[in-house]
Amino acid sequence: MTHPVSYERDGAVAVITIANPPVNALGHAVRQGLWEAIDRFSGDAEAEAALILGEGKLFIGGADISEFGKPPKDPWLPEVVNHIEACEKPVVAAIQGAALGGGLEVALGCHYRVAMKGAKLGLPEVNLGIIPGAGGTQRTPRLIGVKAAVAMIPAGGSLGAEEAVEAGLADKLGEGDPRAAGLDYARALIAEGAGPRRVGALPCPAEDAAALDEARALWKKKARGEVARLAAIDAVEASTRLEIAPGLDEERRIFREMMETSQRAGLIHAFFIERKVAKLPEIEGVAPRDFGKLGVIGGGTMGAGIATAALVRGLDVTLIERDDAAAERATATITKNLDGAVKRGKLSEAGRDAILSDSFRTATDYAALFEADLAIEAVFEDMGVKREVFTTLDKIMKPGAILATNTSYLDVNEIAEATSRPEDVIGLHFFSPAHVMKLLEVVVADKTANDVTATAFALAKKLGKVAVRAGVCDGFIGNRILSAYRAAADRMVLAGASPYAVDRAVKAFGWPMGPYEMGDLAGLDIGYATRQRKAATRDPRDVVPTWADELYHLGRLGQKTGRGYYIYEEGKRGGSEDPEVEALVAKARDDAGVTPRDFTEAEIQRRYMAALVNEAARVLEEGIARRPLDVDVTFLYGYGFPRWRGGPMHWADEAGLAGLLEDIKSYATEDDFFWRPAPLLERLVAESATFASLNDKG
Ligand code: T1G
């Protein structure tokens, strides 16, 4: 491999270029190369200034995350940054694309910085469960002040080039070629006889107790359970009372502490799997079909959400509804969604107007879809209705067009059979609200062609979503597993736990909400309909939450009716517990002859997660999910599973599969219908293997 750091002289400027694709990560060879290049510059009498560049689309993407967890090799990054800063002659950084994490820290070790238009300068380390570890928490506040530093660093945020110059993180704004801009700057510095200007030598930034306290309060609430964001604030605070050397020592101490946390392992796992999830052998190198012109059938919540998600990403959408009134309602919903995007600063007013005038239209005649590349059906969840829609689409749409269904549980194979082109049929299961939720389950049917799957993944990327490949079964990956841990919660309620205690315990684990709050949010009619649908084939040993049916019959459907498991009052955030629900549950226990017992928070969490992991093992065994990482990504992006736990399968490996299996076996002594250990789980335990060992399966 050619050395990733080159040295050349352009006149009186030593040009040091990092070329370590794809993101110029600061792996050992780059660190070594930078160190040597600075030594060479110091000894090069002809060179009066140095310019550090990153080859390609960005300056430096940070430390090499793939090295984490391995013993660090000399020179460590903080030492490299200090080596640059200590140089007796001026060093300039020219930043294009991004200078992130260690990349920005290298730039802060330089004496001068030019940021090219469009570049972002940031310290995302806390998103990986660590803190900036090469001077970022000490040099940044010296340049931009404590208030601005704690606005950026605990958020894992970045500043755009203009903001960075404004704040003082960069000195100049450049345009065009970073090398030319950097050379101009270096030559100007030589001309004015400028020497090194060390950020580390700047005085400690003024203490700003208010800003620090505000940041702590914000992140305690916003990132419940996470430690790194708060630790980053402590490191910034240290910069206000310690000179640079002891300040760097304190930062390193905190950095090492964070490196040892399981949260760092979880967040790094999440970082890599969100990229690995799209790596499937069957679509590697397979060209996707066109999908610029979308058809959406059905303008209800899901259809309108899907249309919105596509429109804001520049796709063209024709939405089919059964009549003009329904089409108008869909247009109103989409306009409201777009207005929301404008309000959130995600879309300009002109952008919204252009969408509504040029790239969006409704129709009541399917013939309007004859040019569409891909149609997404989002009509009523009834097999007959869907098959009819697909038969019509099959007749109307051009050869090679893709016919997708947004069904959340129906059999995609059966839908495909309603067409003459099953190879062009696929499931695209969006999560509501479809223009907000990032997860897209790509449900691959038996006959789905590989380039159709590849198109689905390309569409997801275009929509800024994360696609997970799923097989065909009731509920695919997420909802199928959800039904298992929901059932475990219902069993605990029947056995004596209050629904409110279950919600509290599940939230304490890190989930955004518990199963009963979630039921109230989605609508208790959905759960009721699912139970009705499964009633005919239900095993008599199964447990039915009759209290939930009672709530349905009482018209208490949750938030949308102001009452469900909780009572929702106007203007009050969240719901309050309802003694009448406790009474319904008590009656269900009586009817079932159950003597209620207490459950600790730990037991509730354990049973909830054991049920999730056990069903996930079955889903993996059946190939519905290809790898454990697919289950992790599903739950990180579709169900709010706490990212710092890495995903449920990563959590299970950390918790220990043998212990989980032991617990499931002990639960089975009370109920061997629901608690049947999944064979895959038993096999992994027998082999002392982990779910992670299955992640490299193609
Ligand atoms: N280390 C190792 N590999 C990385 C990497 C990194 N920092 N960043 C990206 N990759 C891989 C990625 O896994 C993928 O691999 C490929 O590069 C393209 O990535 C001391 C300790 C830079 C904005 O957190 O945000 O510095 O899938 O698809 O969309 O304080 O990558 O091709 O095999 O994302 O153009 C701090 C993380 C590290 C930045 C580019 N830095 N990376 O986005 O490409 S900690 C970060 C990103 C640190 C110091 C501490 C993005 C990007 P593969 P990609 P992209």
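The values are calculated or read from the model by the stated rules, or taken from the named source; none is laboratory data. On a predicted model such as this, the values are computed, not experimentally measured, just so you know. FYI the Cβ positions are ideal-geometry reconstructions off the backbone, even for glycines, and counts take in every protein chain you see. Accessible surface areas use protein heavy atoms only, side chains included; no ligands, DNA or RNA. Shrake-Rupley method; radii C 1.70, N 1.55, O 1.52, S 1.80 Å.
In the set G182, G129, G145, G168, which member is assigned by TED's automatic domain parsing to the domain that holds P196 and within 13 Å of the ligand (Cβ to nearest atom)? Give the derivation first.
Values: G182 fails: within 13 Å of the ligand (Cβ to nearest atom); G145 fails: within 13 Å of the ligand (Cβ to nearest atom); G168 fails: within 13 Å of the ligand (Cβ to nearest atom).
Selected residue: G129, the only one of G182, G129, G145, G168 that is assigned by TED's automatic domain parsing to the domain that holds P196 and within 13 Å of the ligand (Cβ to nearest atom).
Residue by residue, here is whether (1) under 15 Å from L34 (Cα atoms); (2) touching a residue at least 60 places away in the same chain (Cβ under 8 Å) holds:
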site	(1), (2)
V81	yes, no
I84	yes, no
G97	no, no
G102	yes, yes
K120	no, no
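Can you tell me which residue among G471, G464, G496 is surrounded by fewer than 20 Cβ atoms within 10 Å (Cβ to Cβ) and under 30 Å from D590 (Cβ atoms)?
Numbers: G471 fails: under 30 Å from D590 (Cβ atoms); G464 fails: under 30 Å from D590 (Cβ atoms).
None of the other options fit; the residue is G496.
Could you list, in sequence order, all residues of the stretch 218-228 that are more than 13 Å from A155 (Cα to Cα) and of a type outside the set (K, R)?
Applying the first criterion (more than 13 Å from A155 (Cα to Cα)) to the stretch 218-228 yields 224-225.
Once the filter is applied, which keeps residues that are more than 13 Å from A155 (Cα to Cα) and of a type outside the set (K, R), the stretch 218-228 yields only G225.
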Requested in this report: From E603, E569, E550, E582, grab the single residue that is closer than 13 Å to P499 by Cα and surrounded by fewer than 18 Cβ atoms within 10 Å (Cβ to Cβ).
Outcome: E582
Report task. Of the conditions (1) of a type outside the set (V, I, T); (2) at pLDDT 95 or above; (3) within 16 Å of T362 (Cα to Cα), E282 clears all except one; give me its number. Result -> (3)
Query raised in the report: Inside the stretch 20-31, can you point out the residues that are open to solvent by 10 Å² or more (accessible area, probe 1.4 Å) and aliphatic (A, V, I, L, M)?
Result: V23, A25, A29
Report summary line: Scanning the stretch 62-88 residue by residue, those at pLDDT 95 or above and on the phi > 0 side of the Ramachandran plot turn out to be G62
Query raised in the report: Among the residues of the stretch 287-307, is there at least one that is assigned to a loop (DSSP other than H, G, I, E, B) and within 16 Å of the ligand (Cβ to nearest atom)?
Result: no
Report task. Would you please list the contacts, defined by Cβ atoms under 6 Å and residues six or more apart or on different chains, that run from a residue in the stretch 49-63 that is touching a residue at least 12 places away in the same chain (Cβ under 8 Å) to a residue that is among the basic types (K, R) and not in a loop (DSSP other than H, G, I, E, B)? Result -> L53/R179
Requested in this report: Search the stretch 609-629 for residues that are of a type in the set (D, E) and pair each with any residue that is in a helix (DSSP H, G or I) and buried (at least 24 other Cβ atoms within 10 Å of the Cβ) when their beta-carbon atoms are under 6 Å apart and the residues are at least 6 apart or on different chains.
Outcome: E615/I481
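Quick check on G193: is it crowded, with 19+ Cβ neighbours inside 10 Å and either under 22 Å from R139 (Cβ atoms) or in the same structural domain as A14 (by TED's automatic domain parsing) (or both)? Steps first, please.
Values: crowded, with 19+ Cβ neighbours inside 10 Å: no; either under 22 Å from R139 (Cβ atoms) or in the same structural domain as A14 (by TED's automatic domain parsing) (or both): yes.
Considered against the rule, which asks whether it is crowded, with 19+ Cβ neighbours inside 10 Å and either under 22 Å from R139 (Cβ atoms) or in the same structural domain as A14 (by TED's automatic domain parsing) (or both), G193 comes out as no.
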Report summary line: Only one of (1) closer than 30 Å to G471 by Cβ; (2) at pLDDT 95 or above; (3) under 26 Å from the mean Cα position of the chain (by Cα) does not apply to Y409, and that is (2)
Report task. Tell me which residues, restricted to the stretch 221-240, are charged (D, E, K, R) and under 23 Å from A86 (Cβ atoms). Result -> none
Query raised in the report: Could you say whether any residue in the stretch 26-48 is near the ligand (Cβ under 10 Å from one of its atoms) and at pLDDT 95 or above?
Result: yes
Requested in this report: Can you confirm whether the stretch 6-19 contains a residue that is surrounded by fewer than 23 Cβ atoms within 10 Å (Cβ to Cβ) and within 16 Å of the ligand (Cβ to nearest atom)?
Outcome: yes
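For the stretch 412-445, which residues satisfy the criterion of being in a loop (DSSP other than H, G, I, E, B) and either modelled with pLDDT under 95 or over 22 Å from D290 (Cα atoms) (or both)? Before you say what the answer is, go through the steps one by one.
At the first step, the residues of the stretch 412-445 found to be in a loop (DSSP other than H, G, I, E, B) are 417-421, 431-438, 444-445.
If the condition is that a residue be in a loop (DSSP other than H, G, I, E, B) and either modelled with pLDDT under 95 or over 22 Å from D290 (Cα atoms) (or both), then E417, A418, F431, S432, P433, A434, H435, V436, M437 are the ones that fit.
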Requested in this report: Taking L173 as meeting all but one of (1) surrounded by 19 or more Cβ atoms within 10 Å (Cβ to Cβ); (2) away from the ligand (no atom under 16 Å from the Cβ); (3) among the aliphatic types (A, V, I, L, M), write down the number of the exception.
Outcome: (1)
**Report entry** Evaluation of I153 against (1) open to solvent by 10 Å² or more (accessible area, probe 1.4 Å); (2) within 30 Å of K221 (Cα to Cα) (one fails), failing number
**Finding:** (1)
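Would it be correct to say that E414 is charged (D, E, K, R) and open to solvent by less than 10 Å² (accessible area, probe 1.4 Å)? Steps first, answer last, please.
On the way: charged (D, E, K, R): yes; open to solvent by less than 10 Å² (accessible area, probe 1.4 Å): no.
Against the criterion (charged (D, E, K, R) and open to solvent by less than 10 Å² (accessible area, probe 1.4 Å)), E414 does not qualify.
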Query raised in the report: Pick from the stretch 230-283 the residues that are more than 25 Å from the chain's Cα centre (by Cα), assigned to a loop (DSSP other than H, G, I, E, B) and not charged (D, E, K, R): which of them is farthest from A155 (Cα to Cα)?
Result: L242
Report summary line: Result of the Cβ filter at 7 Å on the stretch 581-598, keeping first residues that are in the same structural domain as Y552 (by TED's automatic domain parsing) and partners that are open to solvent by 80 Å² or more (accessible area, probe 1.4 Å), at least 6 apart or interchain, is L584/E550
Report summary line: Checked the stretch 49-78 for anything buried (at least 16 other Cβ atoms within 10 Å of the Cβ), away from the ligand (no atom under 13 Å from the Cβ) and within 19 Å of I268 (Cα to Cα); matches are none
Requested in this report: Please work out which one of (1) open to solvent by 60 Å² or more (accessible area, probe 1.4 Å); (2) touching a helix residue (DSSP H, G or I) at 6+ places or on another chain (Cβ under 7 Å); (3) without any contact (Cβ under 8 Å) to a residue 12 or more places away in the chain is the condition R313 fails and give its number.
Outcome: (3)
Requested in this report: Residue by residue through the stretch 342-367, note down the ones that are free of Cβ contacts under 8 Å to residues at least 40 places away in the same chain and surrounded by 12 or more Cβ atoms within 10 Å (Cβ to Cβ).
Outcome: V342, K346, L347, G351, R352, D353, A354, L356
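Output the number of residues of the stretch 318-341 satisfying the condition of being among the acidic types (D, E), part of a helix (DSSP H, G or I) and in contact (Cβ under 8 Å) with a residue 40 or more places away in the chain. Reasoning before the result, please.
In the first step, residues of the stretch 318-341 are kept if they are among the acidic types (D, E); the result is 321, 323-324, 328, 339.
Okay, now just the ones that are also part of a helix (DSSP H, G or I), so 324, 328, 339.
Imposing the further condition that a residue be in contact (Cβ under 8 Å) with a residue 40 or more places away in the chain reduces the set to 324.
Within the stretch 318-341, residues that are among the acidic types (D, E), part of a helix (DSSP H, G or I) and in contact (Cβ under 8 Å) with a residue 40 or more places away in the chain number 1.
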Requested in this report: Report, ordered by the first and then the second residue, all pairs with beta carbons closer than 6 Å, sequence separation of six or more or different chains, a first member in the stretch 491-510 that is within 12 Å of E603 (Cα to Cα), and a second member that is assigned to a loop (DSSP other than H, G, I, E, B) and open to solvent by less than 20 Å² (accessible area, probe 1.4 Å).
Outcome: V502/G514; V506/G514
